[in-house]
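Novice: I'd like to ask you about the structure that follows.
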Amino acid sequence: MSVLDEVWVANRADQALLATALAEAFHGGDLAGWLVPDPDERAAIYPGYFGLLLDGFLAQPNVRIEVSGSFHGVAVWAEVTTRFSLPIPGYERRLAACCDPHTDRFVALDTAMEHHHPLGPHDYLAYLAVVPKHQGQGIGTRLLQHRLTRLDAAGRDAYLEATGDRNATLYQRHGFQPLPPIPVSDSAVLHPMHRPPNPAQHR
């Protein structure tokens, strides 16, 4: 493994670069066309939106943001004890400021995810993102393996919401199993997945 492939932990000083990486990675994602239909408008909205979310994640002691290389890939993990929450001061006002006129769709996404999030101890993979020019190089797999190896050793369950068949297939290869779909709107659906520790033992 080269230095560029190494996995390291980001912090508050990396927030702008993390937001840029997430915005680029999700610009063509499964929900992108529903959240913000116009690609140019989406490119303007996404960096501020992900920067806002990172304000919450980076403030939490139970969150670990792992990065591959020079922000080629990003994995945002939250260690949940009972219930997942992401307090962000002034969130509703700030969300409207960066996402208008599409705020209602972002709120609908938040509401669906919050309503269906499981209770109890688990690690939540909020985002796994690889910037487009580095996709197909095994970076997402490397980031997953880095964390899941540790969860298996600790006996921790994991949970995530896949946005489509392609990433759901990746997660299934790593032991995640599908749960009932989560409807966000008439045309947007999330695919929640659960992974027990050492999944081969549960087959």
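Novice: Would you mention how many residues in region 151-193 are over 22 Å from Ala78 (Cα atoms), open to solvent by less than 60 Å² (accessible area, probe 1.4 Å) and in a helix (DSSP H, G or I)?
Specialist: Selection size over region 151-193: 0.
So that you can scan it fast, the table gives a plain yes or no per residue for (1) open to solvent by less than 40 Å² (accessible area, probe 1.4 Å); (2) farther than 17 Å from Gly56 by Cβ; (3) out of contact with any Pro (no Cβ under 7 Å at 6 or more places or on another chain); (4) in contact (Cβ under 8 Å) with a residue 24 or more places away in the chain:
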site: Arg94; (1), (2), (3), (4): no, no, yes, yes
site: Pro101; (1), (2), (3), (4): no, yes, yes, no
site: Asp104; (1), (2), (3), (4): no, yes, yes, no
site: Val107; (1), (2), (3), (4): no, no, yes, no
site: Thr111; (1), (2), (3), (4): no, no, yes, no
site: Pro118; (1), (2), (3), (4): no, yes, yes, yes
site: Tyr124; (1), (2), (3), (4): yes, no, yes, yes
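Novice: If I ask for residues that are within 18 Å of Asp110 (Cβ to Cβ), touching a residue at least 24 places away in the same chain (Cβ under 8 Å) and either in contact with a Cys (Cβ under 8 Å, 6 or more places away or on another chain) or not small (Gly, Ala, Ser) (or both), which ones from region 1-50 would you list?
Specialist: Within region 1-50, Leu22, Phe26, Asp30, Leu31, Trp34, Leu35, Val36, Ile45, Tyr46, Gly48, Tyr49, Phe50 qualify.
Novice: Then there is this: For the list (1) crowded, with 17+ Cβ neighbours inside 10 Å; (2) among the small types (Gly, Ala, Ser); (3) out of contact with any Ser or Thr (no Cβ under 9 Å at 6 or more places or on another chain), I need the number of the one condition that Gly140 fails.
Specialist: With (1) crowded, with 17+ Cβ neighbours inside 10 Å; (2) among the small types (Gly, Ala, Ser); (3) out of contact with any Ser or Thr (no Cβ under 9 Å at 6 or more places or on another chain) applied to Gly140, the lone miss is (3).
Novice: Assuming Val63 fulfils every condition listed in (1) touching a Lys or Arg at 6+ places or on another chain (Cβ under 7 Å); (2) buried (at least 17 other Cβ atoms within 10 Å of the Cβ); (3) under 29 Å from Arg156 (Cβ atoms) apart from one, which condition is it?
Specialist: With respect to (1) touching a Lys or Arg at 6+ places or on another chain (Cβ under 7 Å); (2) buried (at least 17 other Cβ atoms within 10 Å of the Cβ); (3) under 29 Å from Arg156 (Cβ atoms), Val63 is out only on (1).
Novice: Looking only at region 77-102, count every residue that is over 22 Å from Ala44 (Cα atoms) and among the aliphatic types (A, V, I, L, M) and tell me the total. Explain how you work it out, then say what you get.
Specialist: Our first condition is that a residue be over 22 Å from Ala44 (Cα atoms); within region 77-102, this holds for 77-87, 89.
Now drop any that are not among the aliphatic types (A, V, I, L, M), which leaves 78, 80, 86.
Counting residues in region 77-102 that are over 22 Å from Ala44 (Cα atoms) and among the aliphatic types (A, V, I, L, M) gives 3.
Novice: Separate question: Quick one: in region 60-86, which of the residues that are of a type in the set (Gly, Ala, Ser) and modelled with pLDDT of 95 or more is nearest to the chain's Cα centre (by Cα)?
Specialist: Of the residues in region 60-86, the ones of a type in the set (Gly, Ala, Ser) are 68-70, 73, 75, 78, 85.
After this cut, where a residue has to be modelled with pLDDT of 95 or more as well, the list is 73, 75, 78.
Working: Gly73: 11, Ala75: 7, Ala78: 10 Å.
Among those that are of a type in the set (Gly, Ala, Ser) and modelled with pLDDT of 95 or more, it is Ala75.
Novice: What number goes with the only condition from (1) in contact with a strand residue (DSSP E or B) (Cβ under 9 Å, 6 or more places away or on another chain); (2) part of a helix (DSSP H, G or I); (3) among the charged types (D, E, K, R) that Arg94 does not pass?
Specialist: If we test Arg94 against (1) in contact with a strand residue (DSSP E or B) (Cβ under 9 Å, 6 or more places away or on another chain); (2) part of a helix (DSSP H, G or I); (3) among the charged types (D, E, K, R), just (1) comes out false.
Novice: Can you tell me which residues in region 127-150 are assigned to a helix (DSSP H, G or I) and free of Cβ contacts under 8 Å to residues at least 40 places away in the same chain?
Specialist: Listed by number, the residues that qualify are Lys133, Thr141, Gln145, Thr149, Arg150.
Novice: With the requirement that a residue be surrounded by fewer than 20 Cβ atoms within 10 Å (Cβ to Cβ) and of a type in the set (A, V, I, L, M), what does region 16-30 give you?
Specialist: Ala16, Leu17
The values are calculated or read from the model by the stated rules, or taken from the named source; none is laboratory data. Note that the structure is a prediction, hence the values are computed from the model and not measured. Neighbour counts are summed over all protein chains in view; Cβ atoms, including those assigned to glycine, are modelled from backbone coordinates with ideal geometry. Heads up: the accessible areas ignore ligands, DNA and RNA and are worked out on the full protein's heavy atoms, side chains in. Shrake-Rupley method; radii C 1.70, N 1.55, O 1.52, S 1.80 Å.
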